[in-house]
Amino acid sequence: MTAVDARPATSTGTRPGTGTGLRFPTGFRWGTATSAYQIEGAATENGRTPSIWDTFSRMPGKVHNGDTGDIAADHLHRMPDDVQLMKELGVTDYRFSVSWSRVQPTGRGPAVERGLDFYRRLVDELLANGIRPVATLYHWDLPQELEDAGGWPERDTAQRFADYADLVARALGDRVPTWTTLNEPWCGAFLGYGNGLHAPGRTSNLAALRAAHHFNLAHGGAARVLRDRLPSTAEISLTLNLHALRPLTDTAADLDAVRRIDAVANRIFMDPVFHGRLPQDLVEDTAGVTDWSFVRDGDLEVTSTPIDSLGINYYSPSVVSAGSSASPAPWAGAEEHVAFTPAAGPRTAMDWPVDANGLYELLTRLRDELPHLPLMVTENGAAYEDYADPAGEVHDPERVEYLDAHLTAVHRAIQDGVDVRGYFLWSLLDNFEWSYGYSKRFGIVHVDFASQRRTVKDSARWYAEVIARGGLARD
Ligand code: IFM
């Protein structure tokens, strides 16, 4: 089979078109996104062994209602139907993640072909339906055996990840045009090892900082493997949940609080990956936690291996001031110097403020910092209290409003010269929302978890119209 070319086109192709409404550039990628543990289920099939989320979700009190991803949205068994749903919506791209535990159960050694077969079938099904596959190699589900060996705070995990990347690239490299190494390493490091709200549930600032470095190293090492293994047309990417930060006031103290969080949440990844350096102020801020001697000679050359695009996941901004944060705050010591103020205005069911300007601010910041790097919004969406009405319909006008506002922000950024190539709505399906279990619904397709029945929400119909129109309607 010939390789599909998904490398970003030249930037001349990305200017918005003209006409009524807000039109997006020709070739703009309209996607939906999911992740393996959140939707697949089939937790013990075909040799899959536990990941850290299988273990964590069984620890009393860690996940709402004791929910687990054992069955989730049963996507592993319903994949062809779910692909048909996407085809009906008209999405051009689908961003999914590969479960490391399904493909290489112990995190070492050869691949399990039965595990890889699911992803082969998924990719074939997508291509047969005209949908471009966008594969993420890691969306938080480390094989438990690697956690038992020390997990992300240990350097060896980065090497294990590069080996795993090689296995997946060998299996899917001829058919998957876009590859993302990691999804939101900030969450993996700081929620997983810092405040313990995510798997594996460890609470150590040192472990979180070590994990962050090893995520960067894993990203760079895997990017090198992918570059060697994949066709020259392949696009290699990374997805970060960069934090959109606003000072509460313009006082020097509040601006310094923003600087601290920017260092430990944003530049801790951006600087090693795109500039081959550690943020010096972060090293100084964290002197009480570590001397960073786990960063070895040559590491920053690996972490800054060139990539083709950056994925941004955005949901809401944060308002930061000088002060101190309640425990458990995931800021590696900075919590003693910073406070967070809830932003005013409407909120989603996650209690996250709705503020699309934060997305515009992030995109334009990235344009200024990395003017030649194509960007994609790899996640954006909202949870609301959705339910099927007696007629079996799911009306979710708040989600439509949220999505419209955020796509408007993306359009504005493109008009202002930001090279945004695509938008992936989180999420295709209601799914396992980590420590919230199944209590939060992010899908544009409702899932009745008892029957696994799918119901297209109003927002999905709205998104289908946006895709068909190539933009947003404006009266
Ligand atoms: O569901 C998550 C996803 O796994 C990662 N980004 C944020 C989403 C909503 O919390």
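Here is how the numbers come out for the structure above:
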{"item": "Leading residue by the ranking (most open to solvent (accessible area, probe 1.4 Å)) among those in segment 201-220 that are in contact with a Phe, Trp or Tyr (Cβ under 8 Å, 6 or more places away or on another chain) and among the small types (Gly, Ala, Ser)", "result": "Ser204"}
{"item": "Residues of segment 148-160 satisfying the condition of being of a type outside the set (A, V, I, L, M) and under 16 Å from Tyr193 (Cβ atoms)", "result": "Asp148, Gly150, Gly151, Trp152, Pro153, Glu154, Arg155, Asp156, Thr157"}
{"item": "Qualifying residue in segment 168-178 (condition: within 21 Å of Trp53 (Cβ to Cβ) and of a type in the set (Gly, Ala, Ser))", "result": "no"}
{"item": "Condition check for Glu369: of a type in the set (D, E, K, R), open to solvent by 70 Å² or more (accessible area, probe 1.4 Å) and either farther than 22 Å from Leu182 by Cα or more than 16 Å from the ligand (Cβ to nearest atom) (or both)", "result": "no"}
{"item": "Options Leu407, Leu472: the member that is more than 21 Å from His77 (Cβ to Cβ), crowded, with 22+ Cβ neighbours inside 10 Å and away from the ligand (no atom under 12 Å from the Cβ)", "result": "Leu407"}
{"item": "Every residue from segment 115-145 that is in contact with a Lys or Arg (Cβ under 6 Å, 6 or more places away or on another chain) and open to solvent by less than 10 Å² (accessible area, probe 1.4 Å)", "result": "Gly115, Val123, Val134"}
{"item": "Subset tally (residues that are in a strand (DSSP E or B), within 16 Å of the ligand (Cβ to nearest atom) and either over 24 Å from the mean Cα position of the chain (by Cα) or of a type in the set (Gly, Ala, Ser) (or both)) for segment 306-351", "result": "2"}
{"item": "Out of Trp53, Trp140, sole residue that is assigned to a helix (DSSP H, G or I), within 16 Å of the ligand (Cβ to nearest atom) and not basic (Lys, Arg)", "result": "Trp53"}
{"item": "When residues of segment 431-449 are limited to those that are within 17 Å of Asp389 (Cβ to Cβ) and either open to solvent by 10 Å² or more (accessible area, probe 1.4 Å) or touching a His at 6+ places or on another chain (Cβ under 6 Å) (or both), the one nearest to the ligand (Cβ to nearest atom)", "result": "Arg441"}
{"item": "Answer from Ala244, Ala223, Ala189 - the residue that is surrounded by fewer than 24 Cβ atoms within 10 Å (Cβ to Cβ), closer than 24 Å to Arg365 by Cβ and not charged (D, E, K, R)", "result": "Ala244"}
{"item": "Arg95, sole failed condition from (1) in contact (Cβ under 8 Å) with a residue 40 or more places away in the chain; (2) over 27 Å from Gly471 (Cα atoms); (3) of a type outside the set (A, V, I, L, M); (4) not in a helix (DSSP H, G or I)", "result": "(2)"}
{"item": "Residues (crowded, with 18+ Cβ neighbours inside 10 Å and out of contact with any helix residue (DSSP H, G or I) (no Cβ under 6 Å at 6 or more places or on another chain)) located in segment 355-366", "result": "Asp355, Gly358, Glu361, Leu362, Leu366"}
{"item": "Scope segment 171-198; condition touching a Lys or Arg at 6+ places or on another chain (Cβ under 8 Å), more than 18 Å from Asp228 (Cβ to Cβ) and within 16 Å of the ligand (Cβ to nearest atom); matching residues", "result": "Gly192"}
{"item": "Verdict on Glu401 being open to solvent by 20 Å² or more (accessible area, probe 1.4 Å), within 19 Å of the chain's Cα centre (by Cα) and farther than 13 Å from Gly311 by Cβ", "result": "no"}
{"item": "Residue tally, condition among the β-branched types (Val, Ile, Thr) and under 26 Å from Val273 (Cα atoms), over segment 320-362", "result": "2"}
{"item": "Residue within segment 386-395 that is in contact with an Asp or Glu (Cβ under 6 Å, 6 or more places away or on another chain) and more than 16 Å from the ligand (Cβ to nearest atom) present", "result": "yes"}
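The values are calculated or read from the model by the stated rules, or taken from the named source; none is laboratory data. Please read these numbers as outputs of a predicted model, since none were measured by experiment. Note that we place each Cβ from the backbone using ideal geometry, even for glycine, and neighbour counts take in every protein chain shown. Only protein heavy atoms, including side chains, enter the accessible area calculation; ligands, DNA and RNA are left aside. Shrake-Rupley method; radii C 1.70, N 1.55, O 1.52, S 1.80 Å.
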